[in-house]
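The values are calculated or read from the model by the stated rules, or taken from the named source; none is laboratory data. This is a predicted model, so every value here is computed, not measured. Cβ atoms come from the backbone with ideal geometry, glycine included; neighbour counts cover every protein chain shown.
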Amino acid sequence: MANAIERWVEEQAALTKPDKIHWVQGTEDEIRRLIDIGIKEEKTGGNQTFRELNPQVYANSYYHRSHPTDVSRTEHLTFVCHPNKEDAGPNNNWMEPNEAKTMVSKLFDGCMKGRTLYVIPYMMGHPDSPYAKPCIQITDSIYVVVSMCIMTRVGKKTLERIGSSEKFVRGLHSIGDLDPERRYIMHFPQEDLVMSIGSGYGGNALLGKKCFSLRIASNQGFKEGWLAEHMIIMGIEDKEGRITYMLGAFPSACGKTNLAMIDPVMEGYKVTTLGDDIAWINVGADGRLYAINPENGFFGVAPGTSDKTNYNMMRTLRAGKVYPTLFTNTGLDLDTNSPWWEGLSKEPPKNMLDWQGNMYDPASGKVAAHPNARFTVGAYNCPTLSKEFDNPQGVPISGIIFGGRRSDTVPLVCESFSWEHGVFKASSLGSETTTAAAGAVGVVRRDPMAMLPFCGYNMADYFGHWLHGLKLKNPPRIFFVNWFKKDAQGNFAWPGFSDNSRIIKWMLDRIKGSVSAKETPVGLMPNISDLMLDGLDISRDTMEKLLEIKPEEWKKEIAGIEEFYGQFGERLPKELLKHLAELKENFK
Ligand code: SAT
Ligand code: MN
């Protein structure tokens, strides 16, 4: 008698009609063999899947070029299919579940003819963690299989954990014909099911990532009393060797990964990394929040990453110790056979292919790497990886940092008056858009908790869950940062990167209770004299501007929040309206 996994795989095979079925084990040998197939493979969507890179430069690493239209998440074709439209909320595309399944099933019908169907059993979270979840993904892309082996814990333990149970998260994926018009990412939260076709891009195709660990899992957390969040997890060790764990939420490509691996400028301080993208957060017996990173690797933006901006990530990329490292849609330096991207070095290599495989001409004014070119690398390669990375219980959280990219309005740092006030501020977080999602770049978009594209249910209910759904006795402090404020000349006023640790230091002092803060209309803010600015070439005047609250700007901000809140109607928690009214009052 076949078990539930086998039955489900058989059904999907009957639909997609592959030539072969391959059950992935996730061993080093197997990954090696899959990469070899990908190296030999004549064509996949117009490209060789993998090309071996120079191990002298990046150990154990491979180059991949995607289909030119398949370079980012496609939010407009991503659907959350609750039976009831209102449960998906105004922030999600919605389709009735049966209609959605019928529609995509037609696209899946026979889509794997002549291809291999790979079955990937994987865990999100350490297999020993009570918070981990077993999942099965089916895919027809070797690139996706190898990426999943890097990003998640693939292997037999998942099959053991599922056993004869029906309870596992199902993900059906095919690259289909890579036609952007026939590219759908469908979520069925009622069934813990994702169906994704037409894309090989991380967030669309590695179904353990945004699809499960955020959209489906946030809905599970809503029902079960926990949170699935778009957050980094880091530990900051002070001079006395005490480690304080914090979470940080920023929209994609806002320097989130750099923050997770920051090298503090303060003598004696050290950052340890637990996660750069996703946190699952549960309430412990002591009423505190505990976070685990469900992932096992980093899928980061390459452009802008360098020894200067993120030395620890560069060391991670060069390590090649555990699992191969992938580079996708970067340029390819033909002289050294190594990847290159804007920001890696001042001068581009002389003899280079761009991300589409054409000779790169620096005079063309075009970029060599796609702005959303990515690396995929195993977490154990990270020199700053926390000793607690595999701790099944997770780490206790003392602070949450929210941030966005704002040229004005939002000060460098600010602490909320309370948990509830922090939820209000986080629910109205705004950020200027970047290239990680398809669409216009540089406009302010409200992105609550940096979860707008990832919340798998009505965001009004999600705010309610933050306010009332957790049995919190000991809430962490909530901080808001903006590293991106600009001066009158349009330049960033704050140096950013490792100097951001100075602001983290203030947060640690707040958590310890060793510094006071100023009350302002928008929250608690530092006295400049309490910030560690030694060795930083920044004027008092610039610092004041960075911490300035301009009523004209905030009046606009309030109008923006009101407009954003309007779409939730009656479902929006009253507490948030109360805080909005107070904010308005503060500026009268
Ligand atoms: O692939 S991810 O969705 O994780 C990255 C991104 O596009 O934001
Ligand atoms: Mn992300």
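Considered as a group, the residues in region 272-314 that are farther than 30 Å from Lys366 by Cα and in contact with an Asp or Glu (Cβ under 7 Å, 6 or more places away or on another chain) include one that is nearest to ligand 2 (Cβ to nearest atom), and that residue is Ile278. Residues that are more than 20 Å from the chain's Cα centre (by Cα), of a type outside the set (Asp, Glu) and part of a loop (DSSP other than H, G, I, E, B) within region 357-382 comprise Gly357, Asn358, Tyr360, Gly365, Lys366, Val367, Ala368, Ala369, listed in sequence order. Residue count for region 195-207 under the criterion of being closer than 14 Å to Leu77 by Cβ and either within 13 Å of ligand 1 (Cβ to nearest atom) or not assigned by TED's automatic domain parsing to the domain that holds Glu75 (or both): the result is 6. Of the candidates Gly566, Gly513, the single residue that is on the phi > 0 side of the Ramachandran plot and either of a type outside the set (Lys, Arg) or assigned by TED's automatic domain parsing to the domain that holds Asn219 (or both) is Gly513.
Of all residues in region 361-415, those that are touching a helix residue (DSSP H, G or I) at 6+ places or on another chain (Cβ under 7 Å) and of a type in the set (S, T, N, Q) total 5.
On inspection, Gly235 fails the criterion of being over 30 Å from Val265 (Cα atoms), more than 16 Å from ligand 1 (Cβ to nearest atom) and either among the small types (Gly, Ala, Ser) or more than 19 Å from the chain's Cα centre (by Cα) (or both).
In region 186-205, the qualifying residues are those that are within 14 Å of His67 (Cβ to Cβ) and not in a helix (DSSP H, G or I), and the one that is nearest to ligand 2 (Cβ to nearest atom) is Tyr201.
Checked against the criterion of being under 17 Å from Ala460 (Cβ atoms), modelled with pLDDT of 95 or more and among the basic types (Lys, Arg), the candidates Lys555, Lys574 yield just one match: Lys574. Scanning region 172-191 for residues that are touching a strand residue (DSSP E or B) at 6+ places or on another chain (Cβ under 9 Å), within 15 Å of Ala100 (Cβ to Cβ) and of a type outside the set (Lys, Arg) turns up Leu172, Tyr184, Ile185, Met186, His187, Phe188, Pro189, Glu191.
Every residue, every condition in (1) touching a helix residue (DSSP H, G or I) at 6+ places or on another chain (Cβ under 7 Å); (2) among the charged types (D, E, K, R), yes or no:
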| residue | (1), (2) |
| --- | --- |
| Pro55 | no, no |
| Ala59 | yes, no |
| Tyr63 | no, no |
| Asp70 | no, yes |
| Cys81 | yes, no |
| Asp87 | no, yes |
| Asn92 | no, no |
| Ser105 | yes, no |
| Tyr122 | yes, no |
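For (1) touching a Gly at 6+ places or on another chain (Cβ under 7 Å); (2) not hydrophobic (A, V, I, L, M, F, W, C), each residue gets a yes or a no:
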| position | (1), (2) |
| --- | --- |
| Gly198 | yes, yes |
| Gly208 | no, yes |
| Ala217 | no, no |
| Lys223 | no, yes |
| His230 | no, yes |
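Condition check for Val271 on (1) assigned to a loop (DSSP other than H, G, I, E, B); (2) assigned by TED's automatic domain parsing to the domain that holds Ile233: one failure, at (1). Do the conditions hold for Ser427, that is, is it touching a Cys at 6+ places or on another chain (Cβ under 8 Å) and either modelled with pLDDT under 95 or buried (at least 21 other Cβ atoms within 10 Å of the Cβ) (or both)? Against the criterion (touching a Cys at 6+ places or on another chain (Cβ under 8 Å) and either modelled with pLDDT under 95 or buried (at least 21 other Cβ atoms within 10 Å of the Cβ) (or both)), Ser427 does not qualify. Among the residues here, Pro55 does not qualify as at pLDDT 95 or above, out of contact with any strand residue (DSSP E or B) (no Cβ under 9 Å at 6 or more places or on another chain) and either aliphatic (A, V, I, L, M) or farther than 28 Å from Gly114 by Cβ (or both). Of all the listed residues (Ala302, Ala368, Ala291), the sole one being in contact with a strand residue (DSSP E or B) (Cβ under 8 Å, 6 or more places away or on another chain) and within 16 Å of ligand 1 (Cβ to nearest atom) is Ala302. The condition of being within 16 Å of ligand 1 (Cβ to nearest atom), surrounded by fewer than 21 Cβ atoms within 10 Å (Cβ to Cβ) and not β-branched (Val, Ile, Thr) holds for only one of Glu420, Glu432, Glu388, that being Glu432. The requirement of being within 23 Å of Asp109 (Cα to Cα), more than 14 Å from ligand 1 (Cβ to nearest atom) and either crowded, with 23+ Cβ neighbours inside 10 Å or in the same structural domain as Tyr290 (by TED's automatic domain parsing) (or both) is fulfilled nowhere in region 208-230; no residue meets it.
Look at (1) small (Gly, Ala, Ser); (2) more than 21 Å from the chain's Cα centre (by Cα); (3) within 16 Å of ligand 2 (Cβ to nearest atom) and you find that Gly469 fails only one, number (3). In region 246-256 there is no residue matching the filter, namely being farther than 22 Å from Ser427 by Cβ, modelled with pLDDT of 95 or more, within 15 Å of ligand 2 (Cβ to nearest atom) and buried (at least 24 other Cβ atoms within 10 Å of the Cβ).
Considering only residues in region 95-113 that are more than 26 Å from the chain's Cα centre (by Cα) and outside any helix (DSSP H, G or I), the one that is surrounded by the most Cβ atoms within 10 Å (Cβ to Cβ) turns out to be Met112.
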